[in-house]
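Below is one structure, written out as structure tokens; the observations come after it.
Rule-based calculations on the coordinates, nothing more; no lab input. Everything numeric in this text was worked out from a predicted model, so none of it was measured. Note that we place each Cβ from the backbone using ideal geometry, even for glycine, and neighbour counts take in every protein chain shown.
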């Protein structure tokens, strides 16, 4: 039985990256209809009361998201997913800055035209980013972030992971997530996050 999964990402978010790699692991062993979508941490937090250092960190992060939405507009969804793998690997695994040069290099990694980098400063794309963002986030509710996943239409913030589950662990977590998605009255399991992030 095919399970429909929709995944929203901002290339900046390390938690979305880890969860996306779990999804990629599961995809090899479960019948999944996976669709990638764009969201924006800068847009999410623009009107929120957040620490100034976090607000400062978000300055300019809307630019790679514009490139993502341009890829979504001009190429198929599989290509968007391939680019996310490329930019995420550079950003999170290789610790490269999420700057214009890195994004340009990530386009080359997957054979995308370098002209897509023109989206970097194209504010006209912000409306499309907002639309994609709301399609994912509005269904989850307030006070959430990334990763955001819709499973068969049931929207969740999470799972938030500090390490990428592999093999049977990945499948067990997926099967459990699909199971709770079947219950419209299930809302939350949560505990305080501990330990460092592990992208391996």
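Some points to look at:
- The long axis of helix 77-88 is offset from the longest Cα principal axis of the chain by roughly 80 degrees.
- Per-residue Cβ neighbour rank within 10 angstrom, fewest leading, 115, 200: 200, 115
- Crossing angle, helix 126-137 versus the chain [Cα axis fit, 0-90 degrees, rounded to tens]: 10
- In terms of surrounding Cβ atoms within a 10 Å radius of their Cβ, 100, 91 rank from fewest to most as 100, 91.
- Beta bridges per DSSP with both ends in the chain, % antiparallel, nearest 5: 50
- Rounded to the nearest 500, the helix-only mean residue ellipticity at 222 nm of the chain stands at -13500 deg cm²/dmol, with each DSSP H run of n ≥ 4 adding -39,500 (n - 2.57).
- Along each principal axis, Cα extent of the chain, largest first, Å: 43, 39, 32
- For the chain, the longest principal axis of the C-alpha atoms and the axis of helix 100-109 are separated by about 70°.
- Taking 54, 43, 185, 84 and counting other C-beta atoms within 10 Å, the order from fewest to most: 185, 54, 43, 84
- Relative contact order of the chain: 30 percent, from C-alpha pairs under 8 Å at least 6 residues apart in sequence.
- Within the listed set 39, 137, 57, the Gaussian network model of the chain (springs between alpha-carbon atoms below 10 Å) gives the highest mean-square fluctuation for 57.
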